[in-house]
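> Below you will find the structure I want to go over with you.
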Amino acid sequence: MSHPKFEQTLVVLKPDAIQRSLIGEIIKRFERVGLKMVGIKMFVPTGEFIEKHYTFDPSWKRKAGEKSIKGFLEKGIPAPTDNPLEAGERILDSLRAYLSSGPVIAMVWQGAHAVPLVRKLVGGTEPHSSDVGTIRGDFVLDSYVLSSGDNRSIRNLIHASGNEEEAEQEIPHWFSKHELIDYRLVQEAIIYE
C-alpha cells in the first residue's frame, strides 16, 4: 500500500474561474494547506470529453437526476421533470455546454488526505449554501434556483474528485502518466518527516 502522502486528486478550474481571474487565489488555497501540484494544463475540452468524464459511473445520470429532483423538492420548487434519467441528461447537456465554452485548467494535487481535504476547501456543489471560508462560499453567489431559472449549469468555479475511486478514474482521463511530475518540495520534510 502506498503512503497516504501520495494520495492524488483531480481539480478542474471551470471557465467561470478563468474568466473571473481567480486562478492564483484558488491555487494559493491548495498550496497553503500543504498540497503539492504534480500536474497542470490549460485547454478547451470537447463536449465528448466532458461527457466521458461524468459518465465513468454508468449510473451517474440517474444519481444526478435523483439528487436534482430531491433538491428542488426540498426547496419547495417544482422540478422540471420527475424522471431521474431525463433530469440527469439535462444536467449532462448543460455541463457539456458550460465546460466546453472556454478554457479550463486541470490540475492534479498530491498529499495526505488530498481528496477530502480539497473537497473541504472547495465547499459544497451549490455555492449559495457553501460555508464562508470555502472557495465556493467566498467567491460565488450562484444557486440551483438561479441556474435552473436560467436553464444553465451552476457556476461553481471548480470540479474536485468526490472520492479516491473517482480520482483514480478521472486523473488518467485528464492526464497521461508522463504529464504528472514526481518531485520533492522542501515543505514535505516539515510536513511528513
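No value in this document is a laboratory result; all are computed from the given coordinates. Because the structure is a prediction, the values reported are computed rather than measured. No Cβ is skipped: glycine too gets one built from the backbone with ideal geometry, and neighbour counts run over all protein chains shown.
> Between 0 and 90 degrees, rounded to the nearest ten: what's the tilt of helix 84-99 against the longest Cα principal axis of the chain?
In the chain, helix 84-99 runs at an angle near 60 degrees to the longest axis.
> If each residue's Cβ is checked for other Cβ atoms within 10 Å, how do V132, V115 rank with the fewest at the top? Kindly include the intermediate steps, with their values, before the conclusion.
On the way: V132 7, V115 21.
Fewest-to-most Cβ neighbours within 10 Å comes out as V132, V115.
> Explain nothing, just compute: Karplus ³J(HN,Hα) = 6.51 cos²θ - 1.76 cosθ + 1.60, θ = phi - 60°, for every residue of the range 182-191 in order, whole Hz, x for Gly and Pro.
Calculated HN-Hα couplings, in order: 9, 8, 10, 9, 4, 5, 4, 5, 6, 6 Hz.
> Moving to a separate point now. Using the number of other C-beta atoms within 10 angstrom as an exposure proxy, rank M37, M42 with the fewest first. Working shown, then result.
Numbers: M37 16, M42 12.
By the 10 Å Cβ count, ascending: M42, M37.
> Just rank I191, I50, fewest to most, by other beta-carbon atoms within 10 angstrom. Please list the in-between numbers first.
Numbers: I191 13, I50 20.
Final ranking by Cβ density, sparse to dense: I191, I50.
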